[in-house]
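Enquirer: Just passing along the structure, written as structure tokens.
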Amino acid sequence: MTVLIWFAALALLVQLASIAFVLSVKLRHRKRDMAVMPRPPVTLIRPICGLENNLERCLASSFRLDWPSYEILFCVAREDDPAAALTRRLMAEHPDIPSRLLVGEDLFSANPKLNNVVKGWRSARHDWIVMTDSNVLMPPDNIARMMGRWDDQTGLVCSPPAGTEPENFGAFLESAWLDSFQARWQLFADAVGFGFAQGKSMLFNRQLITQLGGFERLGDEVAEDAAATLLVRNGGLKVRLVHEPFPQPLGSRNMLAVWKRQLRWA
């Protein structure tokens with residue numbers, strides 16, 4: 001029993017210490033002057049597939065970003081996907097933001113997401129490219145927070161998802177996992193200089209990725225975020241994380257789907 005108590009105390013100490021360290025790094029970051037940050041034009045790529053929870057709200061957030069110049073490329077594999085009609089309506093409602101819907105697949109990898117978005121990468125007008133999943137609710141300062149983490153030792157900036165708005169037990173469980181254990185250790189790894197990518201939201205520089213072997217190298221692994229992490233690290237660069245993860249409204253979640261997703265991430 002004494003051993004168990006000491007083990008529990010040590011585990012609690014490690015948890016609290018990691019949280020304190022992450023918070024201290026976050027507070028130091030807030031003191032930086034973001035006004036001098038470069039604001040180059042950006043291409044936002046959003047893959048879509050099917051009518052997910054909160055899809056319209058998440059896609060609509062793409063048009064409300066506080067950034068001086070950006071375009072949006074929505075990528076869908078099939079013309080008859082119901083998400084395509086929704087996307088076209090949103091594009092028509094926001095004619096002030098340059099946007100296109102690209103249809104089709106290029107089957108170069110075992111990853112359906114990459115096969116969908118590679119056409120967006122090739123069609124992007126700008127060298128700074130943000131790739132964000134369709135179920136991420138993008139805050140207005142989304143691009144600014146990602147750009148704020150880039151420096152001369154960076155090869156990729158990403159954000160883990162923050163689970164928000166759960167509506168049933170499965171969603172509450174997933175939110176608890178995302179927002180506690182997973183987020184804490186990802187942010188801690190980044191704080192000590194060993195950050196790793198997660199594919200929900202990623203900021204790339206196209207010229208840099210070309211120098212490292214090209215976008216197609218992300219298909220070297222089943223998961224594009226794992227491949228991106230290896231590509232960047234092998235190039236002698238680091239993966240950075242935003243200090244405040246972007247929200248993913250969960251809505252209702254099936255327990256089996258939550259379990260399978262955690263197994264896939266693991």
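Enquirer: How far is helix 82-93 tilted, in degrees, relative to the longest principal axis of the Cα atoms in the chain, given as a value from 0 to 90 rounded to the nearest 10?
Expert: 70 degrees
Enquirer: Moving on. Rounded to the nearest 500, what is the 222 nm mean residue ellipticity of the chain from helices alone, with -39500 (n - 2.57) per DSSP H run of 4+ residues and division by all residues?
Expert: Rounded to the nearest 500, the figure is -12500 deg cm²/dmol.
Enquirer: Measuring with a 1.4 Å probe in the full set of protein chains, what accessible area per residue, in whole Å², belongs to the chain?
Expert: 49 Å²
Enquirer: Follow-up. Return one quarter of the surface area of the convex hull spanned by the alpha-carbon atoms of the chain, equal to its mean projected area, in nm².
Expert: Mean projected area of the Cα convex hull: 15.5 nm².
Enquirer: Next question, about the same structure. Picking from GLN153, GLN198, ALA60, whose Cα lies most toward the positive end of the charge dipole for the chain (charges on Cβ: Lys, Arg +1; Asp, Glu -1)?
Expert: GLN153
Enquirer: As I understand it, the dipole of the range 103-237 uses +1 on the Cβ of Lys and Arg and -1 on the Cβ of Asp and Glu, about the Cα centre. Which of GLY163, LEU237, PHE181 lies farthest toward its positive end?
Expert: LEU237
Enquirer: Here's another thing I want to ask about it. Mind pulling the angle between the C-alpha long axis of helix 2-30 and the longest principal axis of the chain? Nearest 10 degrees, somewhere in 0 to 90.
Expert: 40 degrees
Enquirer: Ignoring ligands, DNA and RNA, what percent of the accessible area of the chain is carbon or sulfur (1.4 Å)?
Expert: 61 percent
Enquirer: If packing is taken as the average number of other Cβ atoms within 10 Å across a peptide's residues, how do 118-125, 41-48 rank, most packed first?
Expert: Averaged packing, sorted descending, gives the order 41-48, 118-125.
Enquirer: Normalising by the residue count of the chain, find the relative contact order in percent from Cα pairs under 8 Å and 6+ residues apart.
Expert: Computed value for the chain: 23 percent relative contact order.
Enquirer: Give me the angle, in degrees from 0 to 90, between the Cα long axis of helix 224-234 and the longest principal axis of the Cα atoms of the chain, rounded to the nearest 10.
Expert: 70 degrees
Enquirer: Please pull out the direction-averaged projected area of the range 140-266, using the convex hull of its alpha-carbon atoms, in nm² to one decimal place.
Expert: Convex hull of Cα atoms, orientation-averaged projection: 7.9 nm².
Enquirer: Semi-axes of the equivalent ellipsoid of the range 67-153: what are they in whole Å, largest first, if each equals the square root of 5 times a C-alpha gyration tensor eigenvalue?
Expert: 23, 18, 12
Enquirer: Same structure, new question: Quick one: putting +1 on the C-beta of Lys and Arg, -1 on the C-beta of Asp and Glu, what dipole do you get for the chain around its Cα centre, in Debye to the nearest 20?
Expert: 540 debye
Enquirer: Taking the Cα centre of the range 119-229 as origin, work out the dipole magnitude from +1 charges on Lys and Arg Cβ and -1 charges on Asp and Glu Cβ, in debye rounded to 20.
Expert: That gives a dipole near 340 debye.
The values are calculated or read from the model by the stated rules, or taken from the named source; none is laboratory data. This is a predicted model, so every value here is computed, not measured. Neighbour counts are summed over all protein chains in view; Cβ atoms, including those assigned to glycine, are modelled from backbone coordinates with ideal geometry. Ligands, DNA and RNA are excluded from the accessible area calculation, which covers all protein heavy atoms including side chains. Shrake-Rupley method; radii C 1.70, N 1.55, O 1.52, S 1.80 Å.
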